Amino acid sequence: MSAIDRRLRSAAPPLRLAWQRPPLYPKQRIAMFDAPDHTGAPARISLIEASTKAGKTHSAICWLAERAFLDGRPGRNFWWVAPVNAQAKIAYRRLKLALPPWTHEVNASELFIRLINGATIWFKNAEKPDNLYGDDVYACVIDEASRVREAAWHAVRSTLTATKGPLRCIGNVKGRKNWFFRLARQAEAGADGLHFSKLTAWDAVEGGVLDREEIEDARRLLPEAVFRELYLAEASDDEGNPFGFAHIAACLGPLSPHPPVAVGVDLARSQDWTVVVGLDRHGAVCGIERWQGVPWGETTARLADLIGARPALVDSTGVGDPIVEALQRRCPQVRGFTFTAASKQRLMEGLSLSIQSRAITIPDGPIRLELEAFEYVYTRTGIRYAAPEGAHDDCVMALALANALWRGSEGHAVAEPVGIPRLSPWLDAAPAAPGGDYAYLEGLAP
């Protein structure tokens, strides 16, 4: 009979006394325990970008232990996965010291803690992702996720499939070209079942975890980019973004109340979004609509209502061609745009010029997130512009189309509308009336 079995049959205190959640400051609690998705429902996966020493490891240990005590049964496994064994041992030692002795037994060689209810918390490393396959896991923490290989993330996700177990991914920000950063941007954009939190050094100061003087000293001594990553959880400006993060930030502003003079439409493909963006006469975004999973007939009807008599540039690549033709029968100023490598490059260069010259204004939210994630790479055939794998670029494409129409082509300018109501339903105004006097843009060939 094992020590755990003997304790189970002994007069140990009631199991409900085995675990009491330690005090956490509010942002720790929301990130780990509350973690709602965009609908307000509990998110299965929470991604926490955190500064160094902001309490992410402490709160994640509390969360995993609580899950193991509440959901644990004999034979159920709970995982802590770190990039290397030395980091896994840190969490193992911290939890072992935090638990009352009568609640568990430990195995230091295999790095596990078996609780009084029979559940086992394993502390694993992600150095060989293939070793992570096979088990059924009921809850997991991926520690220092920005430094864990993407293949390890795939393996961990597979172990949670049968159990539908929850996951918490924690880590410092380490650049933008890693799966953790990409998945965090999806969560920040409102993907179903995902929650995003950021814990900065200032949050930790407010929560009583760190001293303000220590953070101020680090800011004085460290290079700015290093300080922002380590203490503010802000990714450095990696090479490969065609717009520039500072330029994107400089273009942020509120949604314009003025009517649109140019509309860009990117049509959904597979799991993508159909996105409609409108720009007013000053180049400010005055409306953005997006949807997915809608039949093409309904999409066409929605677009016709949104566009009305306004100039619009609509993605006509592939399945988009018949939609453009249908729209043109109802919306006299709709034009198609076929995406090719060359036409996309021209479109992106035009958008980059508008952003870097601060000619346009964009609202914070999905547009900004996609612009910051967007990247370019040099290939033997030219420059390839795209979102990182697993991310979306539909807002970027719609904005680029609207921008091309707004800027005009070969020096042509967009005319101001005459007698056209505000765009509905974007601005909760009256529907667009047919007719209206717009100057057509010429020369904007893909």
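The values are calculated or read from the model by the stated rules, or taken from the named source; none is laboratory data. Keep in mind that what you see is a predicted model, and the values were worked out from it rather than measured. As a convention, Cβ positions derive from the backbone with ideal geometry for all residues, glycine included, and neighbour counts pool all protein chains shown. Keep in mind that these areas ignore ligands, DNA and RNA; they rest on the heavy atoms of the full protein, side chains included. Shrake-Rupley method; radii C 1.70, N 1.55, O 1.52, S 1.80 Å.
Tabulated data
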| read-out | value |
| --- | --- |
| Looking only at region 38-51, and only at residues there that are touching a Leu at 6+ places or on another chain (Cβ under 8 Å) and assigned to a loop (DSSP other than H, G, I, E, B), the one that is farthest from Gln186 (Cα to Cα) | Ser51 |
| Qualifying residue in region 318-335 (condition: at pLDDT 90 or above and within 19 Å of Pro242 (Cβ to Cβ)) | no |
| Verdict on Ala204 being assigned to a helix (DSSP H, G or I), in contact (Cβ under 8 Å) with a residue 60 or more places away in the chain, of a type in the set (Gly, Ala, Ser) and surrounded by 18 or more Cβ atoms within 10 Å (Cβ to Cβ) | yes |
| Residue in region 354-370 that is open to solvent by 60 Å² or more (accessible area, probe 1.4 Å), in contact with a Phe, Trp or Tyr (Cβ under 9 Å, 6 or more places away or on another chain) and at pLDDT 80 or above present | yes |
| Options Ala86, Ala60, Ala54; residue that is small (Gly, Ala, Ser), assigned to a helix (DSSP H, G or I) and buried (at least 18 other Cβ atoms within 10 Å of the Cβ) | Ala60 |
| Residue, farthest from Ala268 (Cα to Cα), within region 286-302, restricted to residues that are in a strand (DSSP E or B) and under 22 Å from the mean Cα position of the chain (by Cα) | Gly287 |
| Odd one out for Tyr92, checked against (1) at pLDDT 95 or above; (2) under 24 Å from Asp37 (Cβ atoms); (3) assigned to a helix (DSSP H, G or I) | (2) |
| Answer residue from region 328-338, given it is farther than 16 Å from Gly408 by Cα and charged (D, E, K, R) and is surrounded by the most Cβ atoms within 10 Å (Cβ to Cβ) among those | Arg330 |
| Filter result for Ala341 (farther than 23 Å from Pro257 by Cα, open to solvent by less than 40 Å² (accessible area, probe 1.4 Å), at pLDDT below 85 and not polar (S, T, N, Q)) | no |
| Members of region 165-192 found to be closer than 19 Å to Asp34 by Cβ, part of a loop (DSSP other than H, G, I, E, B) and open to solvent by 40 Å² or more (accessible area, probe 1.4 Å), listed by number | Asp192 |
| Close pairs from region 19-30: first surrounded by 11 or more Cβ atoms within 10 Å (Cβ to Cβ), partner acidic (Asp, Glu), Cβ under 8 Å, at least 6 apart | Trp19/Glu66; Arg21/Glu66; Tyr25/Asp203; Tyr25/Glu206; Lys27/Asp203 |
| Scope region 125-150; condition among the charged types (D, E, K, R), in contact (Cβ under 8 Å) with a residue 12 or more places away in the chain and surrounded by fewer than 23 Cβ atoms within 10 Å (Cβ to Cβ); matching residues | Glu127, Asp130, Asp135, Asp136, Glu144, Arg147, Arg149, Glu150 |
| All positions within region 290-308 that are open to solvent by 80 Å² or more (accessible area, probe 1.4 Å), within 21 Å of Ala262 (Cβ to Cβ) and without any contact (Cβ under 8 Å) to a residue 40 or more places away in the chain | Arg302 |
| Single unsatisfied condition, Ala246 versus (1) part of a strand (DSSP E or B); (2) at pLDDT below 90; (3) among the hydrophobic types (A, V, I, L, M, F, W, C) | (1) |
| Flag for Glu234 being in a loop (DSSP other than H, G, I, E, B), within 19 Å of the chain's Cα centre (by Cα) and among the acidic types (Asp, Glu) | yes |
| Tally, over region 154-184, of residues that are more than 13 Å from Ile48 (Cβ to Cβ), among the charged types (D, E, K, R) and modelled with pLDDT of 90 or more | 2 |
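Conditions tested, residue by residue: (1) open to solvent by 10 Å² or more (accessible area, probe 1.4 Å); (2) among the charged types (D, E, K, R); (3) in contact (Cβ under 8 Å) with a residue 24 or more places away in the chain.
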| site | (1), (2), (3) |
| --- | --- |
| Pro257 | yes, no, yes |
| Leu267 | no, no, yes |
| Arg310 | no, yes, yes |
| Val319 | yes, no, yes |
| Ala326 | yes, no, yes |
